[in-house]
There are 2 protein chains.
Amino acid sequence: MFTAKIKVTLRKTILDPQGKTVEHSLKSLGYDKISNTRIGKYIEMKIDVNSKEEATVIAEESCRRLLSNPVMEDYEFEIT
Amino acid sequence: MFTAKIKVTLRKTILDPQGKTVEHSLKSLGYDKISNTRIGKYIEMKIDVNSKEEATVIAEESCRRLLSNPVMEDYEFEIT
């Protein structure tokens, strides 16, 4: 049994209005040293297979086929 | 200049219907070894201070005051 920890983020060239809004709110709270705030998704799942290689294949395909939008998003994951 | 990489996740005891839906879709695609899918937020931000300690304080306070809901969510972050 492995755990996949997946981050899906907007590509750098895509505007992130949600991130901008959060950053603005943080500045209103007095945190004015913060910049480049970007918001993405974090997905955790258990994968019940016997090898890390199999788990990696399943995580990779899940990201590519369902969890990310390949036009706008990048993904990375670690298997533990 | 430091980068904070923040994960905000639903507490284990809170139901995650979005995670259930994604898991169901993955099963429809044939990935039936996947379970316990949980979906959270991933936030990345630059913090322009001189020490890692200052950056940690700012990230911690941002998580506590704005980025997470302390009743339903946990957070963790790393500063690089």
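The values are calculated or read from the model by the stated rules, or taken from the named source; none is laboratory data. None of the values given here were measured: they were computed from a predicted structure. Using ideal geometry, Cβ is built from the backbone for each residue, glycine included, and neighbour counts are taken over all protein chains shown. Areas reflect the complete protein model, heavy atoms only, side chains present, ligands, DNA and RNA absent. Shrake-Rupley method; radii C 1.70, N 1.55, O 1.52, S 1.80 Å.
Counting lysine pairs in chain B whose alpha carbons fall under 17 angstrom apart, excluding pairs fewer than 8 residues apart on the same chain, gives 9. Solvent exposure of region B:2-79, expressed per residue, is 56 Å² of accessible area, with all protein chains present and a 1.4 angstrom probe. Surface composition of chain A: carbon and sulfur make up 52 percent of the accessible area, probe 1.4 Å. Report the residue, chosen from B:13, B:56, B:21, that carries the largest GNM mean-square fluctuation when chain B is represented by alpha-carbon nodes joined by springs under 10 Å. Fluctuation is largest for B:13.
The residue among A:47, A:25, A:68 whose Cα reaches farthest toward the positive pole of the charge dipole of chain A, with charges on the beta-carbon of Lys, Arg, Asp and Glu, is A:25.
Would you kindly give the portion of the calculated P(r) for chain B that falls above 19 Å, as a percent of all Cα pairs? Value for chain B (Cα pairs over 19 Å): 48 percent. A run of chain B free of exposed loop cleavage sites, with trypsin sites (Lys or Arg not before Pro) counted only in DSSP states other than H, G, I, E and B and at most 14 other beta carbons within 10 Å, reaches its longest extent at B:13-80. Working from the Cα coordinates of the protein assembly as shown, the gyration tensor eigenvalues give, after taking √(5λ), semi-axes of 30, 16, 15 Å in decreasing order.
Here the extension length gained between residue B:13 and residue B:64 equals 16.4 nm, from 0.36 nm per residue of separation less the Cα-Cα distance. The relative contact order of chain B comes to 53 percent, based on Cα pairs under 8 Å that sit 6 or more residues apart. The angle between the Cα long axis of helix A:52-62 and the main principal axis of chain A comes to about 50°, on a 0 to 90 degree scale. With angles folded into 0 to 90 degrees, how steeply does helix A:17-28 sit against the dominant principal axis of chain A? Use alpha carbons for both and round to 10. Once rounded, one gets 50 degrees.
Distance between the 7 Å Cα→Cβ label points at residue A:52 and residue B:71: 4.1 nm. Summing Cβ point charges (Lys, Arg +1; Asp, Glu -1) relative to the Cα centre of chain B gives a dipole of roughly 380 debye.
Our note on the geometry: Cα centres of region B:7-24 and region B:29-80, 15 Å apart.
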